[in-house]
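Mind looking over this structure? Questions follow.
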Amino acid sequence: MTRAKPEPVQVVKQRRDAALTSLVQGVPYIRFLGIEFDRRGDELTGVLPYAEHLIGNPGLPALHGGATAAFLEVTAIIGLSWSMLWDGVERGELDLAAMQAGDLPRLPKTIGFTVDYLRSGLPRDSYARARINRSGRRYASVHVEAWQDNRARPHAQATGHFLMPRKDG
């Protein structure tokens, strides 16, 4: 029995990057907020680069609570979507050309999202990571934490519940 030769690492890495870029760039609100994602293997870190329009209280100054909540929710949704796409990306079964043309997979829909504001978000870059607590065929539960300079001191955290899209469409 002859085993198929594995793909070069660079090919797989380019496929992963192209899939993530298509997923993120396909959502206009993510582009509006300027959210980016740093991928290391299957782990994603959301990055909200500081921008003046994200300030809610110029007297402090502090990040707007809505921008913080949106950042956490987007990180949860992209994290869930990425986990759904991972196997197809790895095996080369995902139609990247279709994704790049705008034919994106359906995203999870938010059922409920609770944000805990732990301290003021300062006027600097923020980072967030999502941890999927449960992901089934119909429902998923995700915990997200956002921090700025020190991951051990989050400025906000959230728990979200999501309706997962059907596999058949």
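Derivation of every value follows stated rules applied to the coordinates shown; laboratory data play no part. Keep in mind that this is a model prediction, so the values were computed, not measured. Virtual Cβ from ideal backbone geometry, glycine too; neighbours counted across all protein chains shown.
May I ask which residue of F71, W82, I55 lies farthest towards the positive end of the charge dipole of the chain, with charges of +1 (Lys, Arg) and -1 (Asp, Glu) on Cβ and the Cα centre as origin?
Going by the Cα projections, it comes out as W82.
Using only the Cα atoms of the chain, what do you get for the radius of gyration and for Dmax, in Å?
Cα-based Rg and Dmax for the chain come out at 17.2, 70 Å.
Compare the peptides 10-23, 89-102 by average per-residue count of other Cβ atoms within 10 angstrom and give them in order, highest first.
Per-residue Cβ counts within 10 Å, averaged per peptide and sorted highest first, yield 10-23, 89-102.
For the stretch 1-41, what log10 I(q)/I(0) values come out of the Debye formula at q = 0.34 1/Å, with one point per alpha carbon and no solvent?
-1.13
Here's another thing I want to ask about it. To the nearest 20 Debye, how big is the dipole of the stretch 9-163 about its Cα centre, given +1 on the beta carbon of each Lys and Arg and -1 on that of each Asp and Glu?
340 debye
While we're here: Cα gyration tensor of the stretch 97-160, axes a ≥ b ≥ c as square roots of the eigenvalues: rounded (a/c below 1.5), prolate (a/b > b/c) or oblate?
In terms of gyration-tensor shape, oblate.
Then there's this: Within 10 Å of each residue's Cβ, count the other Cβ atoms and sort W82, W147 from fewest upward.
Fewest-to-most Cβ neighbours within 10 Å comes out as W147, W82.
Please give every one of the aspartates and glutamates within straight-line cross-link reach of K109, meaning a C-alpha to C-alpha distance under 13 Å, and leave out same-chain neighbours fewer than 8 residues apart.
E73
Still on this structure, please answer the following. Please report the spacing between the Cα centers of the stretch 113-169 and the stretch 11-86 in Å, no decimals.
11 Å
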